[in-house]
1. Just give me the residues in segment 63-80 being within 24 Å of residue 113 (Cα to Cα) and open to solvent by less than 40 Å² (accessible area, probe 1.4 Å), in sequence order.
2. For segment 371-395, give me each residue that is open to solvent by 10 Å² or more (accessible area, probe 1.4 Å) and hydroxyl-bearing (Ser, Thr, Tyr).
3. Which one of 120, 124, 112 is more than 22 Å from the chain's Cα centre (by Cα), crowded, with 18+ Cβ neighbours inside 10 Å and closer than 30 Å to residue 374 by Cβ?
4. For segment 264-279, state whether one or more residues are at pLDDT 80 or above, farther than 24 Å from residue 33 by Cβ and more than 15 Å from the chain's Cα centre (by Cα).
5. Restrict the check to segment 316-332 and report whether at least one residue is crowded, with 17+ Cβ neighbours inside 10 Å, under 27 Å from residue 126 (Cα atoms), of a type outside the set (Phe, Trp, Tyr) and at pLDDT 90 or above.
6. When only residues in segment 18-41 that are polar (S, T, N, Q) and touching a Phe, Trp or Tyr at 6+ places or on another chain (Cβ under 7 Å) count, which is surrounded by the fewest Cβ atoms within 10 Å (Cβ to Cβ)?
7. Is there a residue being of a type in the set (A, V, I, L, M), over 30 Å from residue 359 (Cα atoms), in contact (Cβ under 8 Å) with a residue 60 or more places away in the chain and open to solvent by 40 Å² or more (accessible area, probe 1.4 Å) anywhere in segment 258-267?
Amino acid sequence: MEQNPTNQRPNYMFALIVVFIVCFLIGFITTMNNSMIAFCSKAFNLSAQQGQYVNTAFYGAYLLSIPFAMLMNKIGYKGTLILGLAVAGFGFIINSFGINNAIAAGANVYTVFLASMCLVACGVVMLQNVANPYVMVLGSPEKGAFRMTLSQALNSVATTLAPLFITYVIIKDQVPTPGAVPGPFLGLGAFTLVICLILVFLKLPKIDEAKQAEASGVHREYKSSVFKYPHVWLGALAIFMYMGVEIGVPSMLPYKFKAMPEYADNYVSVATSYLAFYWGGMMVGRFLGAAILAKFEPRKLLSACLLLGALCIALSIVLPGMTGVYAMLAAGLFHSVMWPLIFNLGLQELGPHTKTATGVINTGVIGAALLMPLMGIIVDATSVVAATCCLFIFYAYIIWFCNWGSKIGIGNK
């Protein structure tokens, strides 16, 4: 019987399911970290600026994105997945035991918490480096934006559940004290390490991006280095600005509730519970976005969502009370597709440079580490309204990148 393996398309379904599970874990850990800010601020008696150091410690680890991407070139997608899960798992366990030991020794507990979360973040950076390019290459290039948006939709399921986990498991009936912080992190560490162990025994496909591009029938001459592609660097800056948009809303929401007299006494628990609506909007938006992308061009969808997201933030500033809160939460629906579409535009036509480019673009995530404390300073010095206005600057750059910056260097080999 005659076989023609060259015409047979490989089945990547199992590998995609594994990466989708990893995307879920990334979303859960990342959102759980951000959702803890209000609780930590009370537990450690912090100012708005100091509370945002949780974001700095976590997202600052993305400075290592490029070295981790180079490591991924050496050990491959699976090796990086295993290493990332192991580092994140041990970071959670160190968090739990480290805080308890610091309390017993009378040390600076908040510093221990930040250091351990930075270790967790290093693991997440490795996982993030794998997830984005792996989803892009596990299938046809023209469906890359669809697969990435779908993976981020599953990521959003986790980001919706994480604030509920914080509200009803970590801070339920808890007085905000340092001793109330570490307990559940031990369970998360054990869960992450179990997934890591399972992954060791799973077989995942090895992908050669250059050969895959050649097999697709598209022949390109690639530049000698990823650093010669302007749209990659501009994409990193777009992700930098996007992190200000995505994390800016949940970071500013507690201060918005704190400014409302009726919620001043219990703004932490109220704000944390309402965050589920924001992340839930992102989840719905990503599932809708995956369907819409089957018919519409990514650039047009991204432009529309940027304009509508900015409109929601503008309404949240001018509308009073809970109406303004709901307008701010509604922005999540339009923020939903921004990450995958920006990433997709930044990874266009890179072939063998795809892995390293992911590290470059992921470096932009440090935007949350730098922009959130800046917004915290503005809250402390002026008001939450002034800090929220920063979002319009972030929107403006992403719109430019979407329609002009992402085309610089494309097709000009």
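The values are calculated or read from the model by the stated rules, or taken from the named source; none is laboratory data. Since we're looking at a predicted model, the values are computed, not measured. Cβ atoms come from the backbone with ideal geometry, glycine included; neighbour counts cover every protein chain shown. Surface accessibility is based on the protein's heavy atoms, side chains included, excluding ligands, DNA and RNA. Shrake-Rupley method; radii C 1.70, N 1.55, O 1.52, S 1.80 Å.
1. Within segment 63-80, 65, 68 qualify.
2. Correct list: 382, 383.
3. 112
4. Yes, because at least one residue in segment 264-279 is at pLDDT 80 or above, farther than 24 Å from residue 33 by Cβ and more than 15 Å from the chain's Cα centre (by Cα).
5. Yes, segment 316-332 has at least one match.
6. 33
7. Looking for residues that are of a type in the set (A, V, I, L, M), over 30 Å from residue 359 (Cα atoms), in contact (Cβ under 8 Å) with a residue 60 or more places away in the chain and open to solvent by 40 Å² or more (accessible area, probe 1.4 Å), one finds at least one in segment 258-267, hence yes.
Results for (1) under 24 Å from residue 187 (Cα atoms); (2) modelled with pLDDT under 85; (3) aliphatic (A, V, I, L, M), shown as yes or no for each residue.
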site: 7; (1), (2), (3): no, yes, no
site: 16; (1), (2), (3): no, yes, yes
site: 27; (1), (2), (3): yes, yes, no
site: 37; (1), (2), (3): yes, yes, yes
site: 59; (1), (2), (3): yes, no, no
site: 67; (1), (2), (3): no, no, no
site: 74; (1), (2), (3): no, no, no
site: 87; (1), (2), (3): yes, no, yes
site: 104; (1), (2), (3): yes, yes, yes
